[in-house]
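> What follows is a structure written as C-alpha cells; I'll ask about it next.
The values are calculated or read from the model by the stated rules, or taken from the named source; none is laboratory data. Computed from a predicted model, the values in this text were never measured in an experiment. Every residue, glycine as well, gets a Cβ built from its backbone with ideal geometry; the counts of neighbours run over all protein chains shown. Ligands, DNA and RNA are excluded from the accessible area calculation, which covers all protein heavy atoms including side chains. Shrake-Rupley method; radii C 1.70, N 1.55, O 1.52, S 1.80 Å.
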Amino acid sequence: MLLVKDVFKSYATAQGPLTVLRGVDLQLGQKESLALMGESGSGKSTLLHLVAGLDQPDAGTIEVEGRRLETLSEAQLAHWRRTEIGLVFQQFNLIGSLKVEDNLAFQARLAGRLTPQWQAELIERLGLGSLLKRYPEQLSGGQQQRVAIGRALASRPKLLLADEPTGNLDENTSDEVLQLLLDLLADSPTSLLMVTHSPRIAARLGRQAVLHLGRLAAEGER
Ligand code: ADP
Ligand code: MG
C-alpha cells in the first residue's frame, strides 16, 4: 500500500545543509497501523510531509498503491492528496470561520466524495451530533480533534497520516480520541501512520518504529 524506499532529505540552513533522513525504508500494508516514534527533531514530521506529497525527497522513492509520487504533476498530486490521504495534526487545524458540520464535510466535498450515510455515521460515532452548529473556538481540544478526525476520514482515504494527534490532549482525552479513531479504522479500508511521543499510545497500534539518526528501525531492532 505504502512503500518508502531509501529516502533522503536535507534542508538548507544558515549553517549549511542539514540531512534529516538518510535512507528511510518503510512498508505499510492495507489496514495496517504503524506508530512512528523518535526524538524531537529526528525527522518524523519531515517523513510524514514527504509521504503526503507536501514536499519531495532528495533521493529515494515513495509509492502509494503502486503510484510513485514523483511521477505525478502538481495537479495530480493535489487531487490524489484530497481523495486518498487524510491528515490530522497536533493543532487540529480546523477552519475557524466554518461551523463543525462544514469543517467535517470540507475535504470530502472538495474531493467529490461526500456520502451522506458515511457522514452521518461519522457524526454519530464521534459524538458530534450536538456540536454541528458550533464554531471550532467553541469546542474543547478533544472535541476539535474528533472533528478533525471526521474531516480526515470523510472521503474514506486509503491512508491516514496523523502527526502527534494526541499531543495537545490530556491522557484521558487522548485515550478516548484514540479509541474512537481505531474503532473507525477497523471499519475502513484505511491504513494509519501516526507520529506519537507516547509509548502507551504507540503500543495500541499494530507496529512501532523509531526514527533515529535519519533511519527507521522497528522498535526492538535497534
Ligand atoms: P520531528 O517531527 O521529528 O520533531 P522534523 O521533521 O520537524 O522533526 O524536523 C527534523 C529536523 O529538520 C529538525 O532539526 C528541524 O529543525 C529541521 N527542519 C524541519 N523543517 C525544516 C525546514 N523547512 N528548513 C530547515 N530545517 C528544517
Ligand atoms: Mg514533528
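> If eta is 1.002 mPa s and T is 20 °C, what Stokes-Einstein diffusion coefficient results for the chain, Kirkwood Rh from Cα pairs, in µm²/s?
The calculation lands on 120 µm²/s.
> Just subtract the alpha-carbon distance of Q138 and Q117 from 0.36 nm times their residue separation and send over the number in nm, one decimal.
So the chain would gain 5.0 nm between Q138 and Q117.
> If the chain between A217 and R22 were fully stretched, how many nm would it gain, using 0.36 nm times the residue separation less the Cα-Cα distance?
Full extension of this stretch gives 69.0 nm more.
> Once amide H atoms are built 1.01 Å from N in the peptide plane, which residues 5 or more positions from L216, or in another chain, come under 5 Å H to H?
Counting only residues 5 or more places away or on other chains, the set is D25.
> In Å², and per residue, what accessible area does the chain have when probed at 1.4 Å with the other protein chains present? Could the numbers behind the result be given before it?
Values: 10530 Å² over 222 residues.
Value returned for the chain: 47 Å² of accessible area per residue.
> With label points built 7 Å along Cα→Cβ from the Cα atoms of D183 and D102, find their separation and express it in nm.
3.0 nm
> Another question, then. Collect residues whose amide H, placed 1.01 Å from N in the peptide plane, falls under 5 Å from the amide H of K31; neighbours closer than 5 in sequence don't count.
Amide H neighbours of K31, under 5 Å, 5+ apart: S191.
> Compute the Cα gyration tensor for the stretch 97-222, then decide on rounded, prolate or oblate, letting a ≥ b ≥ c be the square roots of its eigenvalues: rounded whenever a/c is under 1.5, prolate when a/b is larger than b/c in the other cases, and oblate in all that remain.
Verdict is prolate for the stretch 97-222.
> If the cut-off is a Cα-Cα distance under 19 Å, which lysines reach K44, setting aside same-chain residues fewer than 8 apart in sequence?
K5, K9
> Say we join alpha carbon atoms closer than 10 Å with springs in a Gaussian network model of the chain; which of A154, A14, A209 then has the biggest fluctuation?
Most flexible of the set in this elastic network: A14.
> Per-residue accessible area for K133 at 1.4 Å probe radius, Å² rounded to 10?
130 Å²
> If each residue of separation counts as 0.36 nm, what is the full-extension length gain between R67 and Q91 once their alpha-carbon separation is subtracted?
5.7 nm
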